[in-house]
Structure formats: C-alpha cells, structure tokens
Ligand code: NAP
Ligand code: SF4
C-alpha cells in the first residue's frame, strides 16, 4: 500500500491514461535555444524514467512576434519538427508522456515586434506592443493552431495552451490590457472570444485523441483582473470548446506579489483551484509551491484538484515520483524555491540548472560514473561544498572520510534556515543528513582535522568555508557590536534599534530575521496573505485586497547600510531581489547607501558621505550587526600546501566573494565527478 494513494493513482483521460497525478510543469530551461537536441531529449527522458505522469515543455513560440524574446524556440519549419521528434521519441522510449507548451507572449515579448490587444506597454518590458487589427488577431489564432498541429506531427502527446501569467491570451481577458471596442473587447463575452476560438480551432485541427491543456489564470493578482465568476465562465467555455485538462495559473508576471519564491507558503494557492472543482467535469490541475509528495498528497486528498503540477522540483530531483513510489521520499533532493540556478539563469540568458542538483540540464555533461580506481578521499568541511563532494565521491565508489569541527553538518545552510521565509533550508540540511546516513561516508563531526590527520589519503579536499571579514571600524569591539554569526547562530541579544553594516545576502537575511518577532508568515498562510494583500477573487477583482499589504509592525527599527552608492540589494537574485527589498520596506527598514563608517560608540553608528567624508550622521542604534562579507578560511589549506600535500580547495575556502551555495555545490560535485 502506497503512502500516496491520491498522488500515485492513474488518471484516465478516455483516449489515454496518465500513470499518476503528477505533471511536470512548463519551465524555460534555454536548452531548446541551445539547439543540442540530444541534450534536450536527455533532459526530458531522464524525468520520464523518473516516472512523472506527464511533462510540459518550456514555452514554444507560435510565431516570431509571439516569442518571449527574438530567437525564442518554436516549431516553425520541418527541421524544427524533426528536432522535436528526437525529444518525443526519447521520452516515449522511456515510457513517458510529453506535451508541448504553446506560449504567445503578447506584450511581454521582449522585442520591438510584439503585439497585444491594445497598445499598452507592460511595466516589465521596454517595448510598447502594436495593437492588432482583425486580420492580425486571425493570424495569431491560426499560428497557434498550426503550432499545435505541428506539435502533433512531432510526436507530442498533447499541447498546453498558455492562457495565464499575463501572456497574450490573458491580455485579452481583462480590461487592464484590453481596451478594444470591437468583437474582441468590451464585454466579457467578447474578451474571452480569443481563448475560446483558439481552443475550438485547435481541437478541430488535432482531432479528439490529443491532450489539450489550457492554463487558466485563476487569480491574476493585478488591478482590474478577472472576477471569480469570469474565471468559472471561462473554464466552462474552455471545456465546451474541447480542452482535456485545465491547469492553474497564478498571478501575472507584473504582479507585485510573490507566487513561487521560497517565502511563499507551500501550496499557498491550492485553495484557488479548489474553488473550481465541481464547476467543470474535466480534470483540474493545481500548482505553485508544491515540493514534496506529502504536500501533493494532501492537496489531492483535500479535493483541491485532480492532479498537481510541480516544475522546479523536477530540476532538483528527476526521480521525484520514482522515489515516492519506492517509499524513499526522504531521499528526494528538495527544491528550496530559491530560483538561483533556474529562473535567475533564465532571466540572465543562461541555461537553467539547479542549486541543489547541478546535473539538471547538464545530464549529458556532468555524468557521475563509477570510479575506475577506488581512492581514499578526505573532505574537510561539511558545508554545501564539502557535502556535495563527499556524497558524489561516495556514489562513485570512493572511500570517503568527512570532517567538520561543528557538531552538525550543513555549514552556512544552518544560518539560512533561521531566517523567516527560508524554512526550506531545514529540509535541505535534513536531506543531506539522510543521504550521508545511507552512504558509506565516514563522518567525523566535532573534529578539527589537522594536517597530521590528513596523511594517508589519496586525495584531500578542503572545504573549510569562510570567516567573517574584519571591517576595521573604530569601536567595533564594543559590547553593542555583534556579528551575523552571533545573531543567526548564537541567538545574541539584539536591542530595539539596530544598524546593520553590509547589505549583501547576509545583511538582508539578518534584517529579515530582526524585523520579525520570531514568527514567520511563510508558516501561516493567512498571515502571509494579509502581509502581501492577497484576497479572494470572489470578493475582489484579481484577488487583490483593496486595503493592500497589511504587514505586522516590525519587531525592531532596523537600518541597513552599505558603502557603495548603488541601490541596496541590487546584486541579490534577479527574480527574488525585489521580494527581499519589498519585504524589508514593508517593515520600515531604512536603506542607506554611499556611507563611510566613521566609528561606533554608545550612541550608535557614526557615518559620513562622499570622498570628503561630509554630512556626518549618527545612526542611533542599541546594537550594531557586522555583515561586512566574508574571507576564505584557508589556514589548513595553507599549512598543507607548505607541507607540499596536493589538495583541492573548493567553496568559500577557494573564493569567498559573493559566495553562494549554488557555486559551492556545483564546484564540489564537479570535482568529485572527476577524481
Ligand atoms: P556579500 O554579498 O559579498 O556582501 C558583503 C557586504 O559587506 C556588502 O554589502 C559590502 O558592501 C559590505 N562590505 C564589504 N567589505 C566591507 C568592509 N571592509 N567594511 C564594511 N562593509 C563591507 O557577502 P555576504 O552578505 O556575506 O553574503 C554572502 C553570503 O551570503 C554567502 O555565503 C551566501 O551563501 C549567502 N547568502 C546569499 C544570498 C543570496 O541571495 N544569494 C542570500 C543570503 C545569504 P559595501 O562594500 O558597499 O560596503
Ligand atoms: Fe529549486 Fe533553487 Fe533548484 Fe531552482 S535552483 S529548482 S528554485 S532548488
């Protein structure tokens, strides 16, 4: 008897059956644009082998004007069809099913050719769209339908028509972006004509035995978004026009409410999909921040949906479903919803991967093979770099000994997990512990490895991490000054008024930690919805509360400072930095850049501005927290090198500047894959 009876139940679609209730949601990985079709095929085949019920590809443009950016992948020629056939064949050989997402970006297209119902520029693109005329609209419909027919020719099991997230189809649905007065605008009947025509004609083109998923925006989270009655009316019309499945879309890309970041509670929007259950008779999929089989099972058991969609969890672990089937769910590498290697890469024009799993999208490049000769390997440091090196080396059959001076594994991950909104890091450290327990790695915790301890190994890996940088500020040894480690690891006493020196990842984390009263809205859905102003689309258009965000009062008065004169937090994650900034602003954190640190005394922190050290100012503070970056901890590495021992230095011990777990894990895994 499985632990997950709802999740692992097959779903009969009449003409075909999905082996379970898990959909791998669409992700733009950038692989299709790289045009290495063997690599694309291997990415999907690996997940098909992992037993996911159905996969949806990244968005494929139906035409050039609809691409998310010029050059975005689509199915335009016979060559494209042949290339996609490589992917579908490989997936079918692995007994998987795959649907192609058709994504017309409308005014979100990052190019001068973009088109939309009305000529209204989006706040997240510099390109004003051209308003389509009647012929233009007919062309877009025809191109989408042709795209679906080509997908069928390329061997896909179906298509997903992207009707949510504020893309082209969604832009027709709401008056926020549709100001037309012809038959495509005005009344709701007119505004929903486009998706219905697309669905009707697509079904006509592909016949009855082909999956068509419609991704429907159920809560727009923008002003003048859809009402709940409109959502239901559309869902019914889409069903009648021939859809096989309705998938949930949450929030437009321009919405100022986080929808998938790690600080969003798990399954935070399942209640929205649940409202649609019973209104249509085709299966309904729910989505967003579902990342464990337990959460998925619960969502289905509570009747929120017929199926769940997860996207990023399949980057973190391609065998998510297989491990759930085998009752090994504690071995599923967890997606911590950080976006650091997936969406942040996508938005920087880089191929996606995963912080937790550097093999994601690099399946053909980073291959973990059994070692030709088993070696004795010492790894010093059980932070992310050392852990990934130790586990990968063990997987290859090496004899690994792992040392850490701390009494627990995880290194800096143990600081991250203390921060409200970063609770996923607890599970990440737990996963490492499980994997170590099930490995043959010999673990020595509470052990400061010396150079003498490291003799007799074939390879020595130094992953000793970092030390806090000494900012050399006059008065920093006073009692009212603490470091981020004191705050996040040693629970140091911190006063009511706080000045934080340094506004990197850690300065922001410490600020977030200090403005809360020990609680985290991520742990309490109702509190989180109030904090960000999320309401019910039944009560307010788009699900935006009229009163807006209602955060709790901050626990402390915090000032965050840096010497650079750029905007604070500019170097945080591309897709999450705005959330950290917005969250601290809601807690009235003052952000001051371009300062010189003069001294610290009983009044607080004395700063000045500019090269001439003008405009002296006192930032009144009971406590000053030092978050001035980090330097490599290389003392052991240096000693070993003096003794002419060959070592491999990874993670923060190698390069501390702007270190993150993504780089550390990638470096540790790649090193161990090559030893
Ligand atoms: P950082 O990002 O390099 O930031 C260091 C901060 O200290 C900067 O604001 C810098 O600003 C300031 N600073 C540098 N030298 C200074 C000096 N001599 N005196 C005073 N201030 C100085 O480093 P971090 O904040 O330590 O963050 C890096 C770590 O954060 C990594 O371990 C990473 O894993 C973790 N992390 C990352 C994220 C993320 O979103 N990626 C989030 C949280 C934590 P100025 O030079 O302008 O003063
Ligand atoms: Fe999840 Fe982070 Fe990996 Fe993206 S990079 S898949 S958010 S763990």
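The values are calculated or read from the model by the stated rules, or taken from the named source; none is laboratory data. Quantities reported herein were computed from a predicted structural model and do not represent experimental measurements. Virtual Cβ from ideal backbone geometry, glycine too; neighbours counted across all protein chains shown.
Would you be able to say whether some residue in segment 356-365 is more than 16 Å from ligand 2 (Cβ to nearest atom) and touching a helix residue (DSSP H, G or I) at 6+ places or on another chain (Cβ under 7 Å)? Yes, because at least one residue in segment 356-365 is more than 16 Å from ligand 2 (Cβ to nearest atom) and touching a helix residue (DSSP H, G or I) at 6+ places or on another chain (Cβ under 7 Å).
Conditions (1) over 24 Å from residue 414 (Cα atoms); (2) within 16 Å of ligand 2 (Cβ to nearest atom), marked per residue:
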| residue | (1), (2) |
| --- | --- |
| 516 | no, no |
| 547 | yes, no |
| 567 | yes, no |
| 572 | no, yes |
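Within segment 334-351, the set of residues being part of a loop (DSSP other than H, G, I, E, B) and more than 8 Å from ligand 2 (Cβ to nearest atom) comprises 347, 348, 349, 350, 351. Across segment 290-308, the qualifying residues are those that are out of contact with any strand residue (DSSP E or B) (no Cβ under 9 Å at 6 or more places or on another chain) and part of a loop (DSSP other than H, G, I, E, B), and the one among them that is nearest to ligand 1 (Cβ to nearest atom) is 292. Pairs are defined by a Cβ separation below 7 Å, a sequence spacing of at least 6 or placement on different chains, a first member in segment 338-350 that is over 22 Å from residue 424 (Cα atoms), and a second member that is at pLDDT below 95 and within 13 Å of ligand 1 (Cβ to nearest atom); the pairs so defined are 347/574; 347/575; 348/574. Check segment 309-326 and report whether any residue there is within 12 Å of ligand 2 (Cβ to nearest atom), under 20 Å from residue 249 (Cα atoms), in contact (Cβ under 8 Å) with a residue 24 or more places away in the chain and assigned to a strand (DSSP E or B). The answer is yes, given that some residue of segment 309-326 is within 12 Å of ligand 2 (Cβ to nearest atom), under 20 Å from residue 249 (Cα atoms), in contact (Cβ under 8 Å) with a residue 24 or more places away in the chain and assigned to a strand (DSSP E or B). Pick from 661, 657: which is outside the structural domain of residue 494 (by TED's automatic domain parsing) and buried (at least 17 other Cβ atoms within 10 Å of the Cβ)? Of the residues listed, the single one that is outside the structural domain of residue 494 (by TED's automatic domain parsing) and buried (at least 17 other Cβ atoms within 10 Å of the Cβ) is 661. Being more than 16 Å from ligand 2 (Cβ to nearest atom), assigned to a helix (DSSP H, G or I) and either at pLDDT below 95 or farther than 30 Å from residue 387 by Cα (or both) narrows it down to one of 512, 530, 472, so name that one. Within the list 512, 530, 472, the selection yields 530. Residues of segment 336-355 that are touching a helix residue (DSSP H, G or I) at 6+ places or on another chain (Cβ under 8 Å) and away from ligand 1 (no atom under 16 Å from the Cβ): 351, 352.
Criterion applied to 14, 66, 111, 59 was being crowded, with 24+ Cβ neighbours inside 10 Å and in a loop (DSSP other than H, G, I, E, B), and the one residue passing it is 66. Residues that are more than 28 Å from residue 25 (Cβ to Cβ) and outside any helix (DSSP H, G or I) within segment 127-149 comprise 128, 130, 131, 132, 133, listed in sequence order.
Of all residues in segment 455-492, exactly one satisfies the criterion of being more than 15 Å from ligand 1 (Cβ to nearest atom), touching a helix residue (DSSP H, G or I) at 6+ places or on another chain (Cβ under 9 Å) and under 29 Å from residue 554 (Cα atoms), namely 492.
Listed here are the residues, each with its yes/no results for (1) within 13 Å of ligand 1 (Cβ to nearest atom); (2) closer than 23 Å to residue 598 by Cα.
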| residue | (1), (2) |
| --- | --- |
| 501 | yes, yes |
| 511 | yes, yes |
| 514 | no, no |
| 533 | no, no |
| 538 | no, no |
| 549 | no, no |
| 559 | no, yes |
| 564 | yes, yes |
| 577 | yes, no |
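Of the residues making up segment 20-41, one or more are in a helix (DSSP H, G or I), at pLDDT below 95 and out of contact with any helix residue (DSSP H, G or I) (no Cβ under 7 Å at 6 or more places or on another chain). The sole residue among 293, 313, 283 that is assigned by TED's automatic domain parsing to the domain that holds residue 32 and surrounded by fewer than 22 Cβ atoms within 10 Å (Cβ to Cβ) is 283. Taking segment 167-260 and the helices (runs of 4 or more DSSP H) fully enclosed by it, the elements with 2 or more residues that are surrounded by fewer than 21 Cβ atoms within 10 Å (Cβ to Cβ) are at 188-191, 193-206, 228-240.
Residues of segment 272-307 that are closer than 15 Å to residue 249 by Cβ and within 16 Å of ligand 2 (Cβ to nearest atom): 287, 288, 289, 290.
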